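Remarks on the structure that follows.
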Amino acid sequence: MTTETQSETRVDIFLAHRPALIAYAVRLLGSRDAAEDIVQDAFVRFLPSSARSVSKGQLLAYLYRTVRNLSLDVLRRRKVSAIDHQDDVPFWSVPADVPTPEQSTLLCDDVRRISQILSELPVEARVAVEMHRFGGYTLEEVASHLGISTASAHRYVSLAMMKIATALLVNAT
């Protein structure tokens, strides 16, 4: 079969199955306009594909697979676009939550408890926690400042955070 005859066969196959392809794409996309665009794009990809001899069934399967893949691409783009536009409200226009008096009291109690735990720690451990957790310093910077190893700085911070978490958990129950 020549390339010209092959192209005519592809056009005939496409035209014969166009309504079914559109119906298939409508089921996937939920929009006739989008489905027609997808089927047209599939035809553009379908027509010039390889000139080797294949059966009509294989060509039709390729056409349906192309419509399906293009439809799924559209659905993915829609999902990403919806996620991007989800937070369209500027952050400064959203009213801030005002804590209740009970929440403020509990927060003050927690801060007081944390402050007490920090004051009971050895100086190096307290400095390591304050630098790392409140100052934003890396463990390497903390270790350098205190003249200790990075592993020791990590140990100080880990143990202190464990004490704080345990104290807050025990008092929360």
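The values are calculated or read from the model by the stated rules, or taken from the named source; none is laboratory data. Just so we're clear, the structure is a prediction, and the values are computed from it rather than from any experiment. Note: ideal-geometry Cβ built from the backbone for every residue, glycine included; neighbour counts use all protein chains shown. What goes into the accessible areas is simple: the full protein's heavy atoms, side chains included, and nothing from ligands, DNA or RNA. Shrake-Rupley method; radii C 1.70, N 1.55, O 1.52, S 1.80 Å.
Filtering R77, R113 for residues that are open to solvent by 70 Å² or more (accessible area, probe 1.4 Å) and on the phi < 0 side of the Ramachandran plot leaves a single hit, R77. Residue count for the stretch 118-173, restricted to those that are among the small types (G, A, S), under 26 Å from C108 (Cβ atoms) and open to solvent by 40 Å² or more (accessible area, probe 1.4 Å): 5. Is it the case, given these coordinates, that L107 is open to solvent by less than 60 Å² (accessible area, probe 1.4 Å) and not assigned by the TED database to the domain that holds A42? Against the criterion (open to solvent by less than 60 Å² (accessible area, probe 1.4 Å) and not assigned by the TED database to the domain that holds A42), L107 does not qualify. Right, V89: of a type in the set (V, I, T), at pLDDT 80 or above and open to solvent by less than 100 Å² (accessible area, probe 1.4 Å) or not? Answer is no for this residue.
Within the stretch 58-73, being buried (at least 16 other Cβ atoms within 10 Å of the Cβ) and without any contact (Cβ under 8 Å) to a residue 12 or more places away in the chain holds for no residue.
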